[in-house]
Protein chains: 2
Amino acid sequence: MAVAEQVTAGVAWERTLRAVSRLLRVFDRELQDDVDLPLTWYDVLVQLYSAPDVRLRMQTLSDSLVLTRSGATRLVDRIEKAGLVRREPAAEDRRGYYAILTADGQRLMERAQKAHGAGIERHFGKHLDPDEQKTLFAIMSKLLAGNQNIPG
Amino acid sequence: MAVAEQVTAGVAWERTLRAVSRLLRVFDRELQDDVDLPLTWYDVLVQLYSAPDVRLRMQTLSDSLVLTRSGATRLVDRIEKAGLVRREPAAEDRRGYYAILTADGQRLMERAQKAHGAGIERHFGKHLDPDEQKTLFAIMSKLLAGNQNIPG
DNA sequence: TTGCATTATTTGCAGGTACAATTATTGCAA
DNA sequence: TTGCAATAATTGTACCTGCAAATAATGCAA
């Protein structure tokens, strides 16, 4: 047993969890204050905004979100009710639907992106130099790749 | 604009969020399968287990959890109902309460720790060499320190 | 010592989320 | 071409969470 505290996997994971949770809460509140948008809504809107034709199949969408399929369904329900997104049946597979960003959604998105981008810089980017950001990206990519084929 | 994709703060944060979310879901399911314990319960039990006298003030507990105060109250309610934790008023400040691990709680904790530790190694530690774990720990510590004084 | 701002914790309430079952459609295989 | 397992998405249900208000106790200041 060394004198200096050893960084075990458990300790590293725990600290990661804490830091990420705190950031999530900060981002959520700030986004809500700035453009009256929950972070979960924002996540949906960004995905669509950066997709070809500002549209995505429900499945693709939920895969890239931090949610299950059913969670994505309800979330899109709410956003659709607010007029930021609309649904359209998929021509090529009638089981599927597209979620599509509306004009209102795009406008809001542009404001939100500015606000959230600034928040990320303020609470995340500012504290890490470019090397650290690159390293973090690499580490998280490894973890994601190593846990790919898991449902949810 | 460089040819190689640049790792901006936003991209690094997004990847972090995805990876952590996936790990959380994996850990939660595995723990549930192995010892029939939700990850949130586990979080409470570990904190108490590693505290002096296996007890912690509600406030201290919720501070170290990924939850608000009120969330911690309800969570401890449920765990208490299951007999793994009990509450005791704080002698030194009658506004406060201690959450205390019961004997049952300690027994379960020992099993759970083994299972979850293995899971962390399998899905997290295994994919990162010791240097990366140390770096990650350092990065997350910076982020946590930089976002200290924020309520929630 | 009385009054009041502050702190610790809990509750009412209004969503948000996951799991499992359901509906609709696809496409392969006999 | 009929039957059936697989797939896309949704819905029923039960639980979990956060916010803000309520309750209770503290301790400082006039």
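The values are calculated or read from the model by the stated rules, or taken from the named source; none is laboratory data. In this text the structure is predicted, and so the values were computed from the model without any measurement. Positions of Cβ are backbone-derived with ideal geometry, glycine not excepted, and every protein chain shown enters the neighbour counts. For the accessible areas, the whole protein counts, side chains as well, though only heavy atoms, and no ligand, DNA or RNA atoms are used. Shrake-Rupley method; radii C 1.70, N 1.55, O 1.52, S 1.80 Å.
Of the residues A:SER141, A:SER21, A:SER64, the one that moves most in a GNM of chain A with alpha-carbon contacts below 10 Å is A:SER141.
Roughly to the nearest percent, how much of the accessible area of the protein assembly as shown is carbon and sulfur, given a 1.4 Å probe? Don't skip to the end; give the middle numbers.
On the way: 8430 of 16540 Å².
Ligands and nucleic acids excluded, carbon and sulfur give 51 percent.
Loop-located GluC sites (Glu not before Pro) across the stretch A:62-142 with a Cβ neighbour count of 15 or fewer within 10 Å are A:GLU92, with loop assigned by DSSP. Largest GNM mean-square fluctuation across A:LEU23, A:LEU39, A:LEU56, computed for chain A with C-alpha springs under 10 Å, falls on A:LEU23.
For the stretch A:23-143, relative contact order (Cα pairs under 8 Å, six or more residues apart, normalised by length) works out to 27 percent.
Just round it to a whole percent: the fraction of Cα-Cα distances in the stretch B:36-144 exceeding 17 Å.
Working: 3481 of 5886 pairs.
Here the tail beyond 17 Å accounts for 59 percent of pairs.
Between B:ARG18, B:ARG122, B:ARG86, the GNM of chain B built on Cα springs shorter than 10 angstrom shows B:ARG18 fluctuating the most.
What is the log10 of I(q)/I(0) for the stretch B:29-95, computed with the Debye formula using one identical point scatterer on each Cα and no solvent, at q = 0.19, 0.22 Å⁻¹? Debye curve over Cα of the stretch B:29-95, log10 I(q)/I(0) at q = 0.19, 0.22 Å⁻¹: -0.75, -1.00.
Note down the magnitude of the dipole of chain A about its Cα centre, charges +1 on Lys and Arg C-beta and -1 on Asp and Glu C-beta and zero elsewhere, to the nearest 20 debye.
Numbers: 22 positive and 21 negative charges, 72 e Å.
Dipole about the Cα centre, nearest 20: 340 debye.
In the full protein context, chain A carries 54 Å² of accessible surface per residue, based on a 1.4 Å probe and ignoring ligands, DNA and RNA.
Chain B against chain A buries an accessible area of about 5400 Å², both chains summed, 1.4 Å probe radius. Put simply, the amide H of A:LEU37, placed in the peptide plane, has neighbours under 5 Å in A:GLN32, leaving out anything fewer than 5 places away on its chain. Calculated mean residue ellipticity at 222 nm for chain B: -21000 deg cm²/dmol, from DSSP H runs with n ≥ 4 weighted as -39500 (n - 2.57), summed, divided by the residue count and rounded to 500. Extension gain, B:ASP104 to B:ASP33, is 23.7 nm, computed as 0.36 nm per intervening residue step minus the present C-alpha separation.
With 30 Å as the limit, the listed pairs B:LYS81/B:LYS126; A:LYS114/B:LYS134; A:LYS81/A:LYS134; A:LYS142/B:LYS114; A:LYS114/A:LYS134 have B:LYS81/B:LYS126; A:LYS114/B:LYS134; A:LYS81/A:LYS134 beyond it between alpha carbons.
Taking N as the number of residues in the protein assembly as shown, what value does Rg over Cα atoms divided by 2.2 N^0.38 Å take?
On the way: Rg = 21.0 Å, N = 304, 2.2 N^0.38 = 19.3 Å.
After normalising by residue count via 2.2 N^0.38 Å, the value is 1.09.
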